[in-house]
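What follows is one structure encoded as structure tokens, with my remarks underneath.
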Amino acid sequence: MYFKQNVSAHVSRLEIIRSIFSHRSNHDFKDLDPTLKELFKDAVSKNQFFYQGNYSIKAADLMDDINTRDYTGFLRNLLLEGKAFEMLVIQIAQYEDDENSENLPQILRKSDIQKVDYVAKRIQGDLSTKHTVESLAKEAGTNVNKLQEGFKYVYNLTVNKYMQHVKLEAAKEMLNLSEKNISEIVTAIGLNNRSYFLKIFREKYGVSPKYFLKKNTNLKEELKDKD
């Protein structure tokens, strides 16, 4: 393990006493990966097993939750026991995800969130282009499902809904500050249907674009009067 110099690090370790764990009511480890099934049934730790995986986003969130809770005593013990089993579930799911060579990985890692950030900046920096989710995923080096899951995790929106949000926010700003008319703004944000733009704009802000355009005109007239 490597750590940065002069930077504090917190290391957590989850240990399972297999002689006790294997005799729990485990329903014969039904639906568990065959390799892991034999591992957990090995009550005397006869066989060695090693797996090195990446730190998933869910695991990171779980550790943050543990470290930010201020329970003590009995409640702290209950919390740690529950979180320990939750972490075990996350680790098993991640192992199975990594071992499933037939399909692309589905569990979010830190690198996946970095790709979400890349795509978000790509959308923000090029509003006039009609991006597809498929092309953005390919450009970021990921698959559509992972990209969608990442956007839901970070923004609680699908990729398309995020694009729509960014375009409408940019349109509102242009209505407020620029000299562009509605048709020019529609083109600037990569839409080719004025009626569709009016519809989604009203749905988001509860007013038509003309409301902001009128505010902008009135403000300019007030400033002229002051001059």
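Any read-out appearing in this document is the output of simple, stated calculations on the displayed coordinates, not a laboratory observation. Fair warning: this is a prediction, and the values are worked out from it, not measured in the lab. Methodologically, a virtual Cβ is constructed for each residue, glycine included, from the backbone with ideal geometry; neighbour enumeration extends over all protein chains shown.
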From the coordinates shown, semi-axes √(5λ) of the Cα gyration tensor in Å corresponds to which of (1) 31, 19, 17; (2) 47, 23, 13; (3) 52, 21, 16: (3)
Karplus-derived 3J(HN,Hα), 6.51/-1.76/1.60, for each residue of the range 79-96, Hz, glycine and proline x: 4, 5, 5, x, 5, 4, 5, 5, 5, 4, 4, 4, 5, 5, 4, 5, 4, 5
Sites L198 and E99, calculated FRET efficiency, Cβ-Cβ separation with R0 45 Å, nearest 0.05: 0.35
Global geometry of the range 110-226, whether rounded, prolate or oblate, following the gyration tensor of its Cα atoms and the 1.5 cut on a/c: prolate
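Could the peptides 31-39, 65-73, 4-12 be put in order, highest first, of the mean number of other beta-carbon atoms found within 10 Å of their residues?
On the way: 31-39: 13.6, 65-73: 10.3, 4-12: 6.6.
Averaged packing, sorted descending, gives the order 31-39, 65-73, 4-12.
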Sorted peptide list for 41-52, 141-152, criterion being average Cβ within 10 angstrom, highest first: 141-152, 41-52
Rg [Å, one decimal], Dmax [Å, integer] - the range 1-93, C-alpha atoms: 15.6, 47
For the range 163-179, Karplus couplings with θ = phi - 60° (6.51, -1.76, 1.60), whole Hz, Gly/Pro x: 4, 4, 4, 5, 5, 5, 5, 5, 5, 4, 5, 5, 4, 6, 10, 9, 9
Gained length - V44 relative to N67, 0.36 nm times residue gap less alpha-carbon distance: 5.1 nm
For L157, distant residues with modelled amide H under 5 Å away: K152
Chain lengthening between R18 and S135 when straightened (0.36 nm per residue, less Cα-Cα): 37.4 nm
Whichever lysines have a C-alpha closer than 28 Å to that of K30, once near sequence neighbours (fewer than 8 apart) are set aside: K41, K46, K58, K83, K146
Under Karplus coefficients 6.51, -1.76 and 1.60, residue-wise ³J(HN,Hα) of the range 64-74 in Hz, glycine/proline x: 4, 5, 4, 6, 9, 7, 10, 5, 10, x, 4
D126, D117 arranged by Cβ crowding within 10 Å, fewest neighbours leading: D126, D117
Mean separation of Cα contacts under 8 Å (6+ apart) over length of the chain, as relative contact order %: 12 percent
Reach of K172 by Cα under 14 Å, taken over aspartates and glutamates that are not fewer than 8 positions away in the same chain: E184, E203
